[in-house]
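Values quoted throughout were computed directly from the atomic coordinates according to the rules given, and no laboratory measurement underlies them. Just so we're clear, the structure is a prediction, and the values are computed from it rather than from any experiment. When we count neighbours, we look across all protein chains shown, and the Cβ atoms used for this are built from the backbone with ideal geometry, even at glycine.
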Amino acid sequence: MSSSSPRSTGDTPEPTPGLTRFNTADDGTALAALHEVCASRAWGSKVLAQRPYATAGALFAASDAAMAELSAQDLAEAMAGHPPIGRPKPGDPTSRREQSGMAGASDALKADLLELNLAYQEKFGHVFLICASGRTGEQMRDAVRHRIDNTPEQEREIVRAELRKINRIRLTRMAEHAEGDAA
């Protein structure tokens, strides 16, 4: 008996409602959805070009591959879509949800993080970017303290990895979101 792939056994998972909607949306609508995930136009175009996706895993792989190919300018564009840690965009539920670890932070921690964010931004020319989901304010502060001593090249690759994580979280929400559900 030969081994068979999940595709040939009928075990291939069906695309989720959100993934199906993304796959069948017109290019403008799909690109707008991708822009909500990542502000890099190059990343969005690369991910869009590979539709349709059979699974969320295939979408994640395309996202990771597109992220790996981004230039420094494309990364800067992606980072521009992220508010500084501790200062989520007003009225943006995604930003607030992703930075929920700062919700109960003391004024001293917020002030410390603001000072570190400014020093980081002065050194690297962009906001400190970290996948904040599930992290406490103290963990984010410690991460910026640790990363501020990196070289620009080291930091660019760390930022690329953090963007991959953030994009996967956001793509998961997009792929699972059923019509009419709150995202």
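Any idea what % of Cα-Cα pairs in the range 133-180 are farther than 12 Å?
The answer is 71 percent, as a whole percent.
Restricting to DSSP loop positions (anything but H, G, I, E, B) with no more than 15 other Cβ atoms inside 10 Å of their own Cβ, which GluC sites (Glu not before Pro) remain in the range 116-183?
Counting only loop positions with at most 15 other Cβ atoms within 10 Å, the GluC sites (Glu not before Pro) in the range 116-183 are Glu179.
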